[in-house]
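Below: the structure, in structure tokens.
The values are calculated or read from the model by the stated rules, or taken from the named source; none is laboratory data. No experiment lies behind these values; they were computed from the predicted model shown. Here Cβ is always computed from backbone atoms with ideal geometry, including for glycine, and neighbour counts include all displayed protein chains.
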Amino acid sequence: MRKYLHVINIGIQSNLAYRFNYLTRTLFSFIPLFAMLSLWRTVYASGDSAREHSGYTETQILFYYLLVAVVDVLTAVNEDDWQIAADIREGNISQFLLKPVDYLTYRLSLFVAGRLAYVAMASLPLVLFLWCFRSNVAAPASLAAALAFPLSLVMTALLQFFLSYAMAMLAFWLLEISTFIFILFAFEYLASGHMFPLDMLPPGLQRVLAFTPFPYQMYFPVSVYMGRAAGAELVQGLVMQFAWVVAAYGFARFMWYRGIKKYAAFGG
């Protein structure tokens, strides 16, 4: 593991070179978030029917989107899939085939480094933004929620990374995979609870989505913190999330082994 810890160290140093970009990205990400919060405030100001249809109080719905911003900062994949695809397309992975370095673990180490560097730069503006909306911020709903939330957060990050890694493996067969990456991103954005809480959907559609990995990329960890997933539902959700992490990891490994058989690099 020493070599991968070294990769994390080098990755943090490399990512900190783009600290101004991280800071700028964080600040601009507050614009759509502020627009969403303003929209829901307007909806709830129009009457009591908003809570009846959403199942959330105004404070709860605003806190939901604040939590989404926090989870996104901590777990989102940031261009890792593009970089992996570029490594395959440009032949850079050849060096990993000749060394005792596992490419998936190497990329996971860089992903961890990128998240640590991003959080270091985004934490201050994010804390200031949360302070401005402190009246809507709440502690974990229970002790169980406080303990389960970090665990769910780690599995969320791993699930997002493994799915992005598997998608990037398409570069072994296709010259351009941007369309597939955008399709996956669109599904994740709509079906993960990023745009709206999934329990606003019809019950039948909720049950269908529960058997996909998407709710466990955003909606589930937020629900754990807010106490909307508790008791048996919490345990079942953690088990399902873990199962999807294992499945995504297995799929990522499968795509690598299948792709490497087709890989060919020329020159020296």
Inset, instruction - Would you please list the contacts, defined by Cβ atoms under 9 Å and residues six or more apart or on different chains, that run from a residue in segment 152-176 that is among the acidic types (Asp, Glu) to a residue that is part of a helix (DSSP H, G or I)? - result: 176/85; 176/89
Inset, instruction - Kindly provide the set of residues from segment 213-232 that are part of a helix (DSSP H, G or I) and surrounded by 13 or more Cβ atoms within 10 Å (Cβ to Cβ), ordered by number. - result: 214, 215, 216, 217, 219, 220, 221, 222, 223, 224, 225, 226
Legend entry - The listed residue being in contact (Cβ under 8 Å) with a residue 12 or more places away in the chain and among the hydrophobic types (A, V, I, L, M, F, W, C), out of 96, 111: 111
Inset, instruction - Would you point out the residue of segment 203-238, among those that are within 21 Å of residue 143 (Cα to Cα) and β-branched (Val, Ile, Thr), that is nearest to the chain's Cα centre (by Cα)? - result: 222
Legend entry - Residue count for segment 169-186, restricted to those that are outside any loop (DSSP other than H, G, I, E, B) and either surrounded by 14 or more Cβ atoms within 10 Å (Cβ to Cβ) or among the polar types (S, T, N, Q) (or both): 10
Inset, instruction - Could you pull out every one of the helices (runs of 4 or more DSSP H) wholly within segment 62-165 that has 3 or more residues that are crowded, with 21+ Cβ neighbours inside 10 Å and over 12 Å from the mean Cα position of the chain (by Cα)? - result: 80-89, 103-132
Legend entry - Matching residues, segment 44-61, being at pLDDT below 85, surrounded by 16 or more Cβ atoms within 10 Å (Cβ to Cβ) and among the hydrophobic types (A, V, I, L, M, F, W, C): 50
Legend entry - Top-ranked residue of segment 194-209 - restricted to ones that are touching a Pro at 6+ places or on another chain (Cβ under 9 Å) and hydrophobic (A, V, I, L, M, F, W, C), ranked as surrounded by the most Cβ atoms within 10 Å (Cβ to Cβ): 198
Inset, instruction - Would you check which residues across segment 192-212 are farther than 17 Å from residue 245 by Cα and either among the hydroxyl-bearing types (Ser, Thr, Tyr) or in a helix (DSSP H, G or I) (or both) and list them? - result: 198, 199, 200, 203, 204, 205, 206, 207, 208
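So that you can scan it fast, the table gives a plain yes or no per residue for (1) touching a residue at least 40 places away in the same chain (Cβ under 8 Å); (2) touching a strand residue (DSSP E or B) at 6+ places or on another chain (Cβ under 8 Å); (3) of a type in the set (Val, Ile, Thr):
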residue	(1), (2), (3)
28	no, no, no
42	no, no, yes
65	no, no, no
72	yes, no, no
91	yes, no, no
Inset, instruction - May I ask you to say which residue of 238, 201 is hydrophobic (A, V, I, L, M, F, W, C) and farther than 12 Å from residue 152 by Cα? - result: 201
